[in-house]
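To keep things clear, I will list the structure first and then write my remarks on it.
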Amino acid sequence: MGPEPPRAPPLFLPLYALAWAGTAIAYMPFLTVLLPVRIEAIAATPSAPDMALSWLAATTFAGAIAASVGNILFGWASDLFLGRRTWIAIGLVLSSVLLVTMQWATSLGALVAVIIAWQLAINMMIGPLSAWAGDCVPDAQKGRLGGLLAFAPAAGALVGALVTLPGLAGPQARLAIVALMTIGCIAPLLLFGAASAIVPPAAGAPGAADLRGRGLLRRMWLARLLVQISEATLFAYLYFWLRSLDPSFGDAATARIFGVALVVAAPLTLAVGAWADRHGRALLPLRAGAALAAIALLVMGSAATPAVAIAGYAVFSLACSVFLALHSAQTLRVLPRSDRRGRDLGVFNLTNTLPSLVMPGLALALVPSLGFRALFALLALLALAAALMLVPLHNHQDATRDNG
């Protein structure tokens, strides 16, 4: 018998899952609810009438650019000096302070400036946190890691619903509540997380095996980008599509569909990730998730009633949630340099921000002239292409990461 394979410290995975949920709490309620409410309040003043939509577009675009740059920059910085924990702690403090100061931004220029600073600070936290999982979670536990990551979106959505309960808190107090809950989720990992790497770093230039792995690395990056484009497009236009099928369909019903799908997806992803670990099938759940998402999109495109549409969306949402969470964990297997995890994960993070730039063009090019059916057909092709990209090529590199 060989030596016992390395395992993450017993507390690390649950503490990491809690911290990752904290990152979702940090940005989801703010970007989806609190920021639009703040913009609406500012734009309602006599000096800025009817500017809410354009202001939201400007702040979202500037924030996406800052997030992309910040994730790469601070992830790379955590590779080189100070370590993961220090950068996460600094980012946690700065992002929490900046979030609370949003209430004092009363002009578009001030709001954009604070949003850019906040996005840089929050990615000062998220970039190193992503890499910390690669330092401490061996390949044999990557599936479980991915399953635990799936709880984060549900946590973010739940907190967003909680802080907006009527009578609970005013606009300023909501920001403080979100900041405090974020600190409460991330601080335990900073205090009790693993002090050193469990997965040994391989510093220096990539070897031959690493170079063979670049093909899978590129395919995994592109596959995630294609699925993220489909997911982001549907997330943005689900309400309008459902209204096109049934004009009585309201925003509350749409929100409930989103929430139920996120809650169900979390335990499903955990179960699938644990199965992938037991059977050594790292890529199979990703292929299945992308293929199932493509089928669901075709069902949605042909749906004539809200019931069929909702069923199709439920399958799509579950498939995408499994794919995205497990992909985040399995990406750590194929990074070419373990001593540059933070930098390389920042490049992978572009797959989360670039769809926001692509999605509006797709919708505007297809929906007005060809309808939602054409849009869903294109998104289905993208998801199917993602599934095909993850089919093993039966070379050494793919074989070591998926047994078929």
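Among the residues of region 279-317, those identified as part of a helix (DSSP H, G or I) and in contact with a Gly (Cβ under 8 Å, 6 or more places away or on another chain) are 284, 285, 296, 297, 299, 300. Residues in region 313-368 that are modelled with pLDDT of 75 or more, over 21 Å from residue 142 (Cβ atoms) and open to solvent by less than 30 Å² (accessible area, probe 1.4 Å): 313, 316, 317, 353, 355.
For region 295-312, the criterion of a residue being in contact with a strand residue (DSSP E or B) (Cβ under 8 Å, 6 or more places away or on another chain) and farther than 18 Å from residue 222 by Cα is satisfied by no position.
This table checks each residue for (1) small (Gly, Ala, Ser); (2) under 23 Å from residue 55 (Cβ atoms); (3) out of contact with any strand residue (DSSP E or B) (no Cβ under 9 Å at 6 or more places or on another chain).
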| position | (1), (2), (3) |
| --- | --- |
| 105 | yes, yes, yes |
| 117 | yes, yes, yes |
| 124 | no, no, yes |
| 127 | yes, no, yes |
| 140 | yes, no, yes |
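Can you find a residue that is open to solvent by less than 30 Å² (accessible area, probe 1.4 Å) and modelled with pLDDT under 80 anywhere in region 377-392? Checked against the condition, which is being open to solvent by less than 30 Å² (accessible area, probe 1.4 Å) and modelled with pLDDT under 80, region 377-392 yields at least one hit. Can you name every residue in region 275-305 that is among the basic types (Lys, Arg) and within 21 Å of residue 388 (Cα to Cα)? Across region 275-305, the qualifying residues are 281, 287.
Taken over region 178-196, the residue count meeting the criterion of being buried (at least 17 other Cβ atoms within 10 Å of the Cβ), at pLDDT below 85 and either over 23 Å from the mean Cα position of the chain (by Cα) or not in a loop (DSSP other than H, G, I, E, B) (or both) is 1.
Conditions (1) in a helix (DSSP H, G or I); (2) free of Cβ contacts under 8 Å to residues at least 40 places away in the same chain; (3) within 25 Å of residue 325 (Cβ to Cβ); (4) open to solvent by less than 30 Å² (accessible area, probe 1.4 Å), marked per residue:
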| position | (1), (2), (3), (4) |
| --- | --- |
| 72 | yes, no, yes, no |
| 91 | yes, yes, yes, yes |
| 115 | yes, no, no, yes |
| 124 | yes, no, yes, yes |
| 133 | yes, no, yes, yes |
| 141 | yes, no, yes, yes |
| 176 | yes, no, no, no |
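The values are calculated or read from the model by the stated rules, or taken from the named source; none is laboratory data. Note that this is a predicted model, so its numbers are computed, not measured. For neighbour counting, all protein chains shown are included, and Cβ atoms are generated from backbone atoms with ideal geometry for every residue, glycine included. Quick note on the areas: whole protein, heavy atoms, side chains included, nothing else; ligands and nucleic acids left out. Shrake-Rupley method; radii C 1.70, N 1.55, O 1.52, S 1.80 Å.
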